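See structure below.
The values are calculated or read from the model by the stated rules, or taken from the named source; none is laboratory data. Since this is a predicted model, take the numbers as computed values, not measurements. Glycine gets a Cβ as well: all are built from the backbone with ideal geometry, and neighbour counts include every protein chain shown.
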Amino acid sequence: MKPDRPMGRRLAGAPAAGRPRAAGPRAPRRAAWLGVGVAAAVGLAVAALAARDGGGRPSPRAAAPAGPSGPVVGADLHSLVVEAGSGRLFVGGHQAVATSADGGRTWSPVGSLDGADAMGWGFGGSTIWVSGHPGLNRSDDGGRTFRRANQGLPNTDVHAFGASGSRLYGASPAVGVFASDDAGATWEVRTDREGRSFFGRILVDPAEPAHLVAADVRAGPVESRDGGRTWRHLGGVGAAAWVSWAGGDPARLVASGPSGAARSADGGRNWERLDVPAGARLVEAAPAADDLLYAAGLEDGRAALWVSRDRGRTWARP
């Protein structure tokens, strides 16, 4: 799948001023996988990338030799996230989740997340949240064990999720965007017009918890400044399955998905293409170092990982 428009060295994002626009369909070329419904579309788009390149047109230096088999995630790869502070990696799919404390060289399964279909992730103090088709899973012991936490949710099919402290945000293809200000004790729907095609992590600005960035599989990265009530397109990639902030800086945004990967140094106003290894699907920028990037793909039901320590100029296996 290709972006709606060519990815040059710099791409202009949507204007910051004016009325926020609804995140809707962007191009007829995506109709083949959008038409079967958002949930199935995400699965098909992600699965299709197993046999293609993650960035559309990877540069020769982005290619890396095959390494040892990674952790089992199942037929779909949904998430790749770095925990701020500890630097631990988590990778998740339809079947399983695994974690690495050494930059992806070795992995351990997280058994209590088997079958969780891990899509969205949120870190709120000592609590870790993971969302998927069965709903929310919560860990209060640093990610060693998780338990289901669906009480009060407007819908349990949570394709996207994010957290900052006690402020939680979720998105479902059934109800749109919803939020909690009390760590999940109560929830309210913020909008039923947006969020139905959100996927993966929702970024929540710790300094401004009403400032959010999400990945929209129809529209690319989108942004809200009012706690998820309204959203605007940011551009960069035509469809997105993952977003992250390099070095934890909201101005340094990385977006990736079926239509490739791109990065912005000004919060999404302007973009440049990011070359990724052949087979990579998701790109995660480390929250503690703006030059450290991880990319993940799927190889026979296992997650494959690449690492870049020079902001994506070169990649290697861990």
Condition first: crowded, with 24+ Cβ neighbours inside 10 Å and either over 20 Å from S79 (Cβ atoms) or touching a helix residue (DSSP H, G or I) at 6+ places or on another chain (Cβ under 7 Å) (or both). Now tell me which residues in the stretch 197-212 satisfy that. S197, F199
Residue check: is D216 within 30 Å of W187 (Cβ to Cβ), modelled with pLDDT of 95 or more and surrounded by fewer than 24 Cβ atoms within 10 Å (Cβ to Cβ)? no
How many residues are touching a Leu at 6+ places or on another chain (Cβ under 7 Å), in contact (Cβ under 8 Å) with a residue 60 or more places away in the chain and hydrophobic (A, V, I, L, M, F, W, C) when one looks only at the stretch 236-267? 4
Please go through the stretch 153-182 and pick out each residue that is at positive phi and at pLDDT below 95. G165
Scan the stretch 148-170 and tell me whether some residue there is buried (at least 23 other Cβ atoms within 10 Å of the Cβ), hydroxyl-bearing (S, T, Y) and more than 30 Å from S108 (Cβ to Cβ). no
Which of (1) touching a residue at least 40 places away in the same chain (Cβ under 8 Å); (2) within 16 Å of the chain's Cα centre (by Cα) is the odd one out, the single condition T230 does not satisfy? (2)
Check on A215, over 18 Å from G93 (Cα atoms) and either in contact (Cβ under 8 Å) with a residue 24 or more places away in the chain or of a type in the set (G, A, S) (or both): no
Given (1) at pLDDT below 95; (2) within 16 Å of W315 (Cβ to Cβ), identify the lone condition not met by D290. (2)
Which of the residues spanning the stretch 276-285 are surrounded by fewer than 24 Cβ atoms within 10 Å (Cβ to Cβ) and modelled with pLDDT of 95 or more? none
So is A239 modelled with pLDDT under 95, among the hydrophobic types (A, V, I, L, M, F, W, C), buried (at least 24 other Cβ atoms within 10 Å of the Cβ) and closer than 16 Å to A214 by Cβ or not? yes
How do the strands (runs of 3 or more DSSP E) wholly within the stretch 124-167 filter down when requiring 3 or more residues that are within 16 Å of T186 (Cα to Cα): which remain? 135-139, 160-164
Among the candidates S224, S308, which residue alone is more than 21 Å from G70 (Cα to Cα) and among the hydroxyl-bearing types (S, T, Y)? S224
Do we have R138 as surrounded by fewer than 24 Cβ atoms within 10 Å (Cβ to Cβ), under 25 Å from G267 (Cβ atoms) and among the basic types (K, R) here? no
